[in-house]
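Q: Handing you a structure now.
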């Protein structure tokens with residue numbers, strides 16, 4: 001049976017930690033290694049930071065987080081209603097092993113791709129951006 | 001404000017006194033030699049806390065340090081914002097023929113550098129003693 005947890009935070013940097021805390025609580029009793037939990041926290045943080053930086057320019061709007069835990073995976077969805085960003089704006093194939101820009105910012109999506117099992121970036125017609133991150137439970 | 005603390009505690013900083021005591025995150029700047037700075041961090045470095053890290057690192061460089069050690073031994077989480085600060089600091093130092101060294105003991109922290117493709121951007125050493133020895 002799937003279990004759903006939702007959280008809505010202001011698009012401000014100081015609230016990103018709440019997403020990590022919620023995630024830690026959700027996966028505590030599940031078959032995740034410490035490394036897998038760390039990966040998921042990192043991916044969640046990058047997704048939230050992208051919303052705050054690129055969608056809302058740091059201090060406007062809300063970021064909606066949902067966590068769905070099932071028997072074999074946890075899926076995190078990070079949704080904003082801001083101006084958004086596009087993968088093509090971020091990736092830099094000639095830089096680094098996962099295609100990151102060696103500059104401040106710009107590494108987020110590449111890091112997410114590297115640490116989760118499934119990743120999707122959507123721009124719904126209603127506006128904003130939805131990042132969906134899935135991590136499978138450890139065997 | 002961290003900026004005010006840094007300005008007021010200029011003398012204390014050289015003695016290694018903590019600049020920021022907010023929960024979950026601390027940053028400290030020490031100057032063991034004229035051309036060496038050690039930025040020691042504790043807790044989590046993310047979009048919220050990285051500006052204070054950037055400020056301490058920038059201050060060490062502004063004061064003339066050309067060999068900067070960033071000690072992440074007590075850091076439990078870093079994201080791309082923290083990596084960006086490190087990359088920016090390393091670039092500034094290279095312009096002055098300097099270098100930045102990261103101390104990271106936890107495999108989890110070192111792994112993030114590998115994921116981001118930053119393994120070759122600066123030296124990553126296991127202990128502060130190793131980094132200080134390399135500075136001599």
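The values are calculated or read from the model by the stated rules, or taken from the named source; none is laboratory data. In this text the structure is predicted, and so the values were computed from the model without any measurement. As a convention, Cβ positions derive from the backbone with ideal geometry for all residues, glycine included, and neighbour counts pool all protein chains shown.
Q: Can you find even one residue in the range B:32-43 that is farther than 23 Å from residue A:21 by Cβ, buried (at least 17 other Cβ atoms within 10 Å of the Cβ) and facing chain A (nearest Cβ under 10 Å)?
A: Within the range B:32-43, none of the residues are farther than 23 Å from residue A:21 by Cβ, buried (at least 17 other Cβ atoms within 10 Å of the Cβ) and facing chain A (nearest Cβ under 10 Å).
Q: Here's a follow-up. Counting residues that are modelled with pLDDT under 95, which helices (runs of 4 or more DSSP H) fully inside the range B:16-122 reach at least 1?
A: The helices (runs of 4 or more DSSP H) meeting that bar are B:80-95, B:107-115.
Q: Kindly indicate the residue of the range A:106-125 that is touching a residue at least 12 places away in the same chain (Cβ under 8 Å) and more than 14 Å from chain B (Cβ to nearest Cβ) and also surrounded by the most Cβ atoms within 10 Å (Cβ to Cβ) among those meeting that condition.
A: Among those that are touching a residue at least 12 places away in the same chain (Cβ under 8 Å) and more than 14 Å from chain B (Cβ to nearest Cβ), it is A:121.
Q: Out of the residues in the range A:1-15 meeting the condition of being over 15 Å from residue A:131 (Cβ atoms) and in a loop (DSSP other than H, G, I, E, B), tell me which one is farthest from the other protein chains (Cβ to nearest Cβ).
A: A:1
Q: Given the condition within 11 Å of chain B (Cβ to nearest Cβ), surrounded by fewer than 19 Cβ atoms within 10 Å (Cβ to Cβ) and modelled with pLDDT under 95, answer yes or no: does some residue in the range A:45-52 qualify?
A: Looking through the range A:45-52, none of the residues is within 11 Å of chain B (Cβ to nearest Cβ), surrounded by fewer than 19 Cβ atoms within 10 Å (Cβ to Cβ) and modelled with pLDDT under 95.
Q: Taking the condition of being in contact with a helix residue (DSSP H, G or I) (Cβ under 8 Å, 6 or more places away or on another chain) and either more than 14 Å from chain B (Cβ to nearest Cβ) or farther than 15 Å from residue A:43 by Cβ (or both), how many residues in the range A:16-33 meet it?
A: Qualifying residue count for the region: 1.
Q: Right, here's the next one. Would you mention how many residues in the range B:113-136 are touching a strand residue (DSSP E or B) at 6+ places or on another chain (Cβ under 6 Å) and either over 24 Å from residue A:46 (Cβ atoms) or within 10 Å of another protein chain (Cβ to nearest Cβ) (or both)?
A: 5
To keep it simple, each residue is scored yes or no on (1) farther than 20 Å from residue A:107 by Cα; (2) free of Cβ contacts under 8 Å to residues at least 60 places away in the same chain; (3) surrounded by fewer than 22 Cβ atoms within 10 Å (Cβ to Cβ).
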| position | (1), (2), (3) |
| --- | --- |
| B:51 | no, yes, yes |
| B:68 | yes, yes, no |
| B:105 | yes, yes, yes |
| B:108 | no, yes, yes |
| B:112 | no, yes, no |
| B:122 | no, yes, yes |
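Q: Does the range A:23-43 hold any residues that are more than 16 Å from residue A:4 (Cα to Cα), in contact with a strand residue (DSSP E or B) (Cβ under 9 Å, 6 or more places away or on another chain) and part of a helix (DSSP H, G or I), and which are they?
A: A:36, A:37, A:38, A:39, A:40, A:41, A:42, A:43 - these are the residues of the range A:23-43 that are more than 16 Å from residue A:4 (Cα to Cα), in contact with a strand residue (DSSP E or B) (Cβ under 9 Å, 6 or more places away or on another chain) and part of a helix (DSSP H, G or I).
Q: Take residue B:86 and decide whether it is under 20 Å from residue B:131 (Cα atoms), within 14 Å of chain A (Cβ to nearest Cβ) and touching a helix residue (DSSP H, G or I) at 6+ places or on another chain (Cβ under 6 Å).
A: Here the answer is no, as residue B:86 does not meet what is asked.
Q: Filter the range B:127-136 down to the residues that are touching a residue at least 12 places away in the same chain (Cβ under 8 Å) and more than 21 Å from residue B:44 (Cβ to Cβ), then identify the one that is surrounded by the most Cβ atoms within 10 Å (Cβ to Cβ).
A: Ranking the candidates gives B:131 first.
Q: A further question on this structure: Please specify each residue of the range A:55-78 satisfying the condition of being without any contact (Cβ under 8 Å) to a residue 60 or more places away in the chain, in contact with a helix residue (DSSP H, G or I) (Cβ under 8 Å, 6 or more places away or on another chain) and buried (at least 17 other Cβ atoms within 10 Å of the Cβ).
A: Correct list: A:61, A:63, A:65, A:76, A:78.
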